[in-house]
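All of the numbers you see were taken from the coordinates with simple rules; none came from a lab. This structure is a prediction, so every number in the text was calculated from the model and none was measured. As a convention, Cβ positions derive from the backbone with ideal geometry for all residues, glycine included, and neighbour counts pool all protein chains shown.
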Amino acid sequence: MTLKQLEVFIAVADTLSFSKGGESVSLAQSTASQHIRTLEEELGAKLFDRSAGSISLTAVGRLFYEHAARICAGCGEAADAVRRFLGLEQALLRVGASTIPAACLIPDLLGSFSAARPGVRLEVVQGDTREVIRQLQDEAVELAVVGGRFDAETICYEEVGAEQIVLVALPGFVEKPPLTLQQLQDVPLLLREPGSGTRLAVDSALQKGGLDLRSLRVVAQLGSSEALRRAVLGGAGCAFLSVLAIGRELAGGTLAVVDIAGIKISRCFYLAWRRGRSLSPAAEVFMEAVRRSVPR
């Protein structure tokens, strides 16, 4: 049974004529009649009563018409939905984002993106970089914006920007900066969890500087940059934070940068997606919006 056969059946049933029904679906009368015969043979039932000069639906034909009409209508709706999706008139895009992209980058571009593409509804799933990449691998999100790379054969990465990470504290909390790496070991530190992009960048920079991470005086490990920011403002210690996350505090003087001699920490932001998967039009336009908006 084919969709074409159903279309021919409905056309013939609506017109009660093989010639008129066939014409409405661009088929000759003989071809339309053949489609109906093939359909009746497959069903094992007569759909039309044929008499001299006229046809009418049988009881089976009337029953079959109800179902065939729903199927054809559903196919039409499905085709319309795809056309709307491809035209970005109606699309849902699920994006994974690690902490800083979710809190700072995506909100900043959302206004212009929504204005340009009002038919695209964005759902952002937030987590640390490792969690977001896992979501991407599980295809719970189509696209991700993250602050680190976990090499995987299944994931493609595109570098789209960078940020600076600094050690911050309450003004006067640390005496006579810049700190040496030796002095850093005596400072009470608040750190992100190991799966975060910020933590990866910090650990890498300190290890390259020759510091044994086990020597650090870690007083707490917290799950977000916002938690670190609030803890530092409360006087709990120092923390490595993205300049993007604390720009207001630095400008207002409520937090101060504590320089570390010989250490500069930066990290890249990446767009990430499943290798071998065709991205939706909504994902493509969102990627372009990220490329234009992320600081470099």
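Tabulated data
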read-out	value
Rough spin-label spacing in nm, given labels placed 7 Å along Cα→Cβ, for residue 28 and residue 227	7.6
Cβ-based exposure ranking for 176, 46, 264, in which fewest neighbours within 10 Å come first	176, 264, 46
For the chain, calculated [θ]222 nm from helices alone, where every DSSP H run of n ≥ 4 adds -39500 (n - 2.57)	-13000 deg cm²/dmol
Nitroxide proxy distance, nm - points 7 Å out along Cα→Cβ at residue 266 and residue 4	6.1
Rg over Rh, two decimals, region 4-44 (C-alpha only, Kirkwood Rh)	0.94
Relative exposure of 67, 35, judged by other C-beta atoms within 10 Å (fewest first)	67, 35
Residue 134-residue 52 FRET efficiency (beta carbon distance; Förster radius 51 Å; 0.05 resolution)	0.10
Cα gyration tensor, region 162-267 - rounded (a/c under 1.5), prolate or oblate	rounded
Two-site label geometry, residue 42 and residue 92: point separation in nm, points 7 Å out along Cα→Cβ	3.2
The chain - percent relative contact order, Cα under 8 Å, separation 6 or more	21
Entry for percent of Cα pairs over 37 Å apart (calculated from the structure that is shown) out of (1) 14; (2) 44; (3) 29	(2)
Computed FRET value (nearest 0.05) for residue 162 with residue 207, which takes r as the C-beta separation and R₀ as 22 Å	0.65
Additional length obtainable on full extension of the chain from residue 154 to residue 67, 0.36 nm per residue less Cα span	27.1 nm
Orientation-averaged projected area, Cα convex hull of region 3-86 (nm²)	5.7
Fewest-first ranking of 225, 54, 17, using other Cβ atoms within 10 Å as the exposure measure	54, 17, 225
Environment charge at residue 209 (Cβ cut-off 14 Å; Lys +1, Arg +1, Asp -1, Glu -1)	-1
